[in-house]
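Chemist: One structure coming up, written as structure tokens, with questions to follow.
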Amino acid sequence: MAMGSSRALLILSNFKFKTTASSSSSSKPFFPFKTNLGTRNFSTKIRSSLQPPDLPRLAETARISLAPNEVEEFAPKIRQVIDWFGQLQAVDLDNVEPALRADTEGDNLREDVPETFENTEALIASDTLWNLGEPSSNTGMEGSFLLTYEISNIGKGGFDGMSPS
Amino acid sequence: MTVGRLLSLKVSVFLSSVPVSVHKQTGRILHVRNGVLYCTMKSSQSQTATQEKQQPPKVKVPQHALKKTVDKITRDYEAIIGIETHVQLSTLTKAFCSCPYNYGSQPNTSICPICMGLPGALPVLNSKVIEFAVKLGLALNCKLSLNSKFDRKQYFYPDLPKGYQISQFDIPIATGGYVDLDLPLEFGGGHRKFGITRVHMEEDAGKLLHSGNGAQVDLNRAGVPLLEIVSEPDMRTGIEAAEYAAELQRVVRYLGISNGNMQEGSLRCDVNVSIRPIGQSEFGTKVEIKNLNSFSSINRAIDFEISRQALLLSEGQGDQIVQETRLWEEGAQKTITMRKKEGLSDYRYFPEPDLPEVILTQEYVDSILKSLPELPEMKRRRYENMGLSMQDVLFLANDMNVAEYFDETLSSGADLKLAANWIMGDIAAYMKNEKLSINEIKLTPKELAELIASIKGGTISGKIGKEILFELLAKGGTVKGLIEEKDLVQIVDPVEIGKIIDKVISENPKQLEQYRGGKTKLQGFFAGQVMKLSKGKANPGLLNKILLEKLNAKN
């Protein structure tokens, strides 16, 4: 963990705390997993009180299959990663405005001018897209449509098989 | 009370077309309440008495009786309705790449590595998307976030090439607005104000067409920019919800940011409905309804869902109302369950690392505010203040092009009420018949003003005016030109009218005798003959005055 904490300190020293002109009332520091904590009043403990994720469910939502022994193997490693982030809780942020992003510059914009991509055939050729291994019989192309699996196979685990839009 | 009546109107519409669904779901209710249905006219005390005595007969229930029962039940509940609307922006290119978007193109012809989510491709935001988002936020009276960001909404679906949708989660570009509207008069009228929770930018997914053993994917639409508008749960009836959606359509069309077409999919609405007994502060279970393709579907689907939930609650079967997504079936006119959700989806939102912060300057926002056109609400209030009736106001302000036409006619000097009447009456009828928009008719606002002035000034009669209107609409031309060409100037010289009348009288001695004998109705016959002889040019008022004098002269 010594390596981890020195790296954490390195990152903290490079981190620019931006004071934003308008404080958005709904901005909170973002935690990738659910925590029981509020926005600012962290304890000064180094040991993080962030909850580690439910690994089987996490793997399910990410569509990564894990054998039980792999779950056992990965759980403490992921726990370590979270604790590593948890060290940031030691920082006193009371006088700092929340930043939306760790950005340097904003505004990389493009004009609304159409450009046709020429080689669309290459884009939709089977091997470009479906290189997950063997393209199976129900993937590939049909006319100019892309073929995909049966929808019912897809909606598993934390997702109801429906496009939200 | 008006709302209750409105509800019952809508309920009777769906009931008269689908008695079956009520049977299936609540067959028991009909069984038990047949006594009630049998004697709808009697007071409630006698109803219970008759209920005990009568055997429920197996006859088809009269529709009006069914309607009254459902109406009675729904009156005890209050519906809470919220709407999520997705507006497809009419930018020339997609949100994060330069692919053009044209509705109806051949599948997979407008794609590139970025919108296909191929490895290594990076999104670059289209500046027009920000402009349109700010326009809409301002038009909906929202507070704009001068700093906002994009987030990834992660889920797996074949029409989502990247495996995530670039959206805005916790810091949307606009929050806390409202929309003002007026309900149509045929539904009771009235002003309403509905809150807008947020407006945010996001990208559309591709199109999925279900086929035999899987699905076909067309990624032309993937990456098209959308604005999602979330309303406060302020609507209470199907008609309020439908009008809210119609007003959003009006606003996006006025702003020119979208063609707001529900049939094409450039305006999509998902509705959330829950009901609670009147007086209860807790909300009921929320049900989402999808697959609404028109404003009237929104109206009917909500009314159906309210009735469905009310019937279940009144039967003590409230636990049968689950949080789920239901589909509206246009053919069967009912909502059906899709699949019960296994808990809420976990989208694992996190800030989009490939896109910088969206930063707006106050100057930018102010310049857009200045450039906004007169919005529907402002136009309605202006027309109302000019003295037009609510019916006229709602018609004229509905379509931006019609309003512009009307405004131009007025600025050419036309009388207010007359201009409104012509546009709403004969011109609208012509447009409907010929399936033309107001921009396609050949009659210009200036000539319409000229026509109105010519009639008002007495140059031509109203009847002649209507006749040349048709030609002006179809072929254009000027009013003055047509009047001259066809010699349409009204005859207002009493001497000349007198001569024509004398001729007609002398040519019809029999009718004259009958008139003098007491058949005064024949005045109409004489008037018609004079009109015919004068080719419609005789001034009707003068004609009748002089005719009457001459007819009664030798008495």
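The values are calculated or read from the model by the stated rules, or taken from the named source; none is laboratory data. On a predicted model such as this, the values are computed, not experimentally measured, just so you know. Neighbour counts are summed over all protein chains in view; Cβ atoms, including those assigned to glycine, are modelled from backbone coordinates with ideal geometry.
Chemist: Within the stretch B:125-133, identify whether any single residue is more than 9 Å from chain A (Cβ to nearest Cβ), closer than 30 Å to B:Glu363 by Cβ and not in a helix (DSSP H, G or I), and answer yes or no.
Modeler: No: the stretch B:125-133 contains no residue that is more than 9 Å from chain A (Cβ to nearest Cβ), closer than 30 Å to B:Glu363 by Cβ and not in a helix (DSSP H, G or I).
Chemist: Looking only at residues in the stretch B:142-163 that are more than 7 Å from every other protein chain (Cβ to nearest Cβ) and charged (D, E, K, R), which one is farthest from B:Val199 (Cα to Cα)?
Modeler: Among residues in the stretch B:142-163 that are more than 7 Å from every other protein chain (Cβ to nearest Cβ) and charged (D, E, K, R), the one farthest from B:Val199 (Cα to Cα) is B:Lys162.
Chemist: Still on this structure: Quick check: anything in the stretch B:476-488 in contact with a Lys or Arg (Cβ under 8 Å, 6 or more places away or on another chain) and not in a loop (DSSP other than H, G, I, E, B)?
Modeler: No, that holds for no residue.
Chemist: Against the condition of a type in the set (Ser, Thr, Tyr), modelled with pLDDT of 95 or more and under 27 Å from B:Leu375 (Cα atoms), how does B:Ser167 come out, does it pass?
Modeler: Values: of a type in the set (Ser, Thr, Tyr): yes; modelled with pLDDT of 95 or more: yes; under 27 Å from B:Leu375 (Cα atoms): no.
Taking the combined requirement at face value, the residue does not satisfy it.
Chemist: Sticking with this one: Select from the stretch B:304-319 the residues that are farther than 15 Å from B:Lys334 by Cβ and outside any loop (DSSP other than H, G, I, E, B) and write down the one among them that is farthest from the chain's Cα centre (by Cα).
Modeler: Per the stated criteria, the residue is B:Asp319.
Chemist: Follow-up question, since we're still on this one. For the stretch B:259-293, give me each residue that is within 14 Å of another protein chain (Cβ to nearest Cβ) and part of a loop (DSSP other than H, G, I, E, B).
Modeler: Correct list: B:Gly265, B:Ser266.
Chemist: Conditions: (1) within 11 Å of another protein chain (Cβ to nearest Cβ); (2) of a type in the set (S, T, N, Q); (3) surrounded by fewer than 21 Cβ atoms within 10 Å (Cβ to Cβ). B:Asn108 meets all but one. Number of the miss?
Modeler: Every condition holds for B:Asn108 apart from (3).
Chemist: Further question: What's the total number of residues in the stretch B:144-196 that are over 27 Å from the mean Cα position of the chain (by Cα) and among the charged types (D, E, K, R)?
Modeler: Residues in the stretch B:144-196 being over 27 Å from the mean Cα position of the chain (by Cα) and among the charged types (D, E, K, R): 7 in total.
Chemist: Here's a follow-up. Quick check on the stretch A:70-109: of everything there that is among the acidic types (Asp, Glu) and away from chain B (no Cβ under 14 Å), which residue is nearest to the chain's Cα centre (by Cα)? Quick ask: steps written out before the conclusion?
Modeler: Within the stretch A:70-109, the subset among the acidic types (Asp, Glu) is A:70, A:72-73, A:83, A:92, A:94, A:97, A:103, A:105, A:107.
Okay, now just the ones that are also away from chain B (no Cβ under 14 Å), so A:70, A:72-73, A:83, A:92, A:94.
Numbers: A:Glu70: 21, A:Glu72: 22, A:Glu73: 21, A:Asp83: 17, A:Asp92: 25, A:Asp94: 27 Å.
If we take residues in the stretch A:70-109 being among the acidic types (Asp, Glu) and away from chain B (no Cβ under 14 Å), then A:Asp83 is nearest to the chain's Cα centre (by Cα).
Chemist: Another question, if that's okay. Which numbered condition in (1) surrounded by fewer than 20 Cβ atoms within 10 Å (Cβ to Cβ); (2) touching a strand residue (DSSP E or B) at 6+ places or on another chain (Cβ under 7 Å); (3) assigned to a helix (DSSP H, G or I); (4) of a type outside the set (A, V, I, L, M) is the only one that B:Gly137 fails?
Modeler: It fails just one condition, (1).
Chemist: OK, next. Does B:Arg380 meet the test of being surrounded by 19 or more Cβ atoms within 10 Å (Cβ to Cβ), more than 14 Å from every other protein chain (Cβ to nearest Cβ) and of a type in the set (Lys, Arg)?
Modeler: yes
Chemist: From (1) touching a Gly at 6+ places or on another chain (Cβ under 8 Å); (2) farther than 19 Å from A:Ala122 by Cβ; (3) buried (at least 19 other Cβ atoms within 10 Å of the Cβ), pick out the condition that doesn't hold for B:Lys143.
Modeler: Looking at each condition in turn, B:Lys143 falls short on (3).
Chemist: Looking at (1) modelled with pLDDT under 95; (2) among the aromatic types (Phe, Trp, Tyr); (3) under 18 Å from the mean Cα position of the chain (by Cα), which is the only condition B:Tyr244 fails?
Modeler: Status for B:Tyr244: all satisfied but (1).
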